[in-house]
1. Write out, first by first residue and then by second, each pair whose Cβ atoms fall under 7 Å of each other, whose residues are 6+ apart or on separate chains, and whose first residue, in the range 23-49, is over 14 Å from A59 (Cβ atoms) while the second is β-branched (V, I, T) and at pLDDT below 95.
2. Would it be correct to say that G68 is of a type in the set (G, A, S), surrounded by 15 or more Cβ atoms within 10 Å (Cβ to Cβ) and at pLDDT 95 or above?
3. Of the residues in the range 33-61, how many are within 19 Å of L145 (Cα to Cα), at pLDDT below 95 and among the aliphatic types (A, V, I, L, M)?
Amino acid sequence: MAESLEKGRAGKSGLARKGMWKQAPNTVVFCVLGISVLATAPDNRRLGDMLQIGIPVAALACASVQGGAKAFLGRYLFLEIGIKTPKLTLGAHPLNRRPDGGLQGFPSGHTAAATFGAVHLVVHCASLHPLAKGALVLAASFTGLSRVEAGRHTAWQVMAGTLWGWVSALICFGELRAKSRDLWRKVGLQTGFMSRNSARPDRDQRDNV
């Protein structure tokens, strides 16, 4: 009897711990958003600055708990390459010019980072509550709007940052590697088939001689 009671208590405590872990991502998200607002309000530009750091950090925390930190960091590196490359290569192109006269404005890095973190949390963090997901989407959108309001980016630069952050968060390198292997395998087979066919006429000519 005593053993069964102990097993029951252990089972309940295990379920309680699982429930706490399940709610942890929601707690982290609301804490990050709440602290960002309280620490910066009513300065919208500073709030955008904090959100573009805080949201990806929350996404990294969720990925680490789920054992996906390596994949997250790979996606984040991909994100940064896609942000820095056009900024540095477009130079004085009008697309790359900021509303305040500066350069390296395409795409909006703040918006891309915030969108990347929000999309990663919404898609890859399964235990996230719908309210938390909605708050993340609003926070990422606010980050982009704050950059336009501050005169640091145009609407098109913000839209480009949003799109790039979304793509970077959803890309799956494992599937890309598998598809690239399949592609190279098909190319190799076709090349081998063509080389074999091209060698046949030479053999036929030698046989006829």
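1. R46/T40; L47/V37; L47/T40
2. No.
3. Final tally of qualifying residues: 5.
Residues checked against (1) touching a residue at least 60 places away in the same chain (Cβ under 8 Å); (2) closer than 17 Å to D49 by Cα:
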position: A92; (1), (2): no, no
position: T111; (1), (2): no, yes
position: A150; (1), (2): yes, yes
position: V158; (1), (2): no, yes
position: T162; (1), (2): no, yes
position: I171; (1), (2): yes, no
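The values are calculated or read from the model by the stated rules, or taken from the named source; none is laboratory data. These numbers were taken from a predicted model, which means no experiment stands behind them. Cβ atoms come from the backbone with ideal geometry, glycine included; neighbour counts cover every protein chain shown.
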